[in-house]
Amino acid sequence: MKLSKEIINGIIIFAGIGIYFLTINLLGFSDVFFLRLFNILFIVYGVNRTIVSNLAEGKKDFLSNAMSAFATSFSGVLLSIIGLWVYSHARGGDVFVRTLSKSFLFGEDPSVNIYCVCLLFEGIASCIIVTLILMFYHNNKYAID
């Protein structure tokens, strides 16, 4: 079974985000909110790979490329959320989530499920933003005649 480029690049996003967060956790910087913002770079990388691949194959339709780019970013974010859910439960569940950044979207004591749902909404927003930015960038760069 051959996986689509969207899924492959989504797995690359997942692997990049996973390795990045495990590294900052091992280095003791998991509570630094600013470092958490750099995960967007992995999404940009994966989405850009998909768009460049589509353009190299001669696919220049804006809407189909945008859907392909969004599918890539969403699959990477969804896999990352599932990975976080599994990792959080392996590390103690709700107790582990309370040790994460206090300056995030939550009140006092979020559960693992609430944390993951909120991150899913944030991830969907970042998927849309990254997709649109890269689509407009490539649309201007490779304009259709």
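A few comments on the model shown:
- You will find that of Phe70, Phe21, Phe38, the residue that is open to solvent by 60 Å² or more (accessible area, probe 1.4 Å), at pLDDT below 90, under 19 Å from the mean Cα position of the chain (by Cα) and within 25 Å of Ile133 (Cβ to Cβ) is Phe38 and no other.
- For the stretch 74-109, the candidate set comprises residues that are modelled with pLDDT of 75 or more and over 30 Å from Ser4 (Cβ atoms); within that set, the residue that is least open to solvent (accessible area, probe 1.4 Å) is Gly93.
- Matching residues, the stretch 49-67, being in a helix (DSSP H, G or I) and open to solvent by 10 Å² or more (accessible area, probe 1.4 Å): Arg49, Val52, Ser53, Leu55, Ala56, Phe62, Leu63, Ser64, Ala66, Met67
- Residues being closer than 25 Å to Ser88 by Cα and aromatic (Phe, Trp, Tyr) - total across the stretch 30-76: 5
- Test set (1) open to solvent by less than 40 Å² (accessible area, probe 1.4 Å); (2) part of a helix (DSSP H, G or I) - Ile11 fails condition number: (1)
- When residues of the stretch 24-35 are limited to those that are open to solvent by less than 60 Å² (accessible area, probe 1.4 Å) and in a helix (DSSP H, G or I), the one nearest to Val130 (Cα to Cα): Leu35
- Condition check for Gly46: out of contact with any Ser or Thr (no Cβ under 7 Å at 6 or more places or on another chain), buried (at least 16 other Cβ atoms within 10 Å of the Cβ) and assigned to a helix (DSSP H, G or I): no
The values are calculated or read from the model by the stated rules, or taken from the named source; none is laboratory data. As the structure is a prediction and not an experimental result, all values here were calculated from the model. Here Cβ is always computed from backbone atoms with ideal geometry, including for glycine, and neighbour counts include all displayed protein chains. Ligands, DNA and RNA are excluded from the accessible area calculation, which covers all protein heavy atoms including side chains. Shrake-Rupley method; radii C 1.70, N 1.55, O 1.52, S 1.80 Å.
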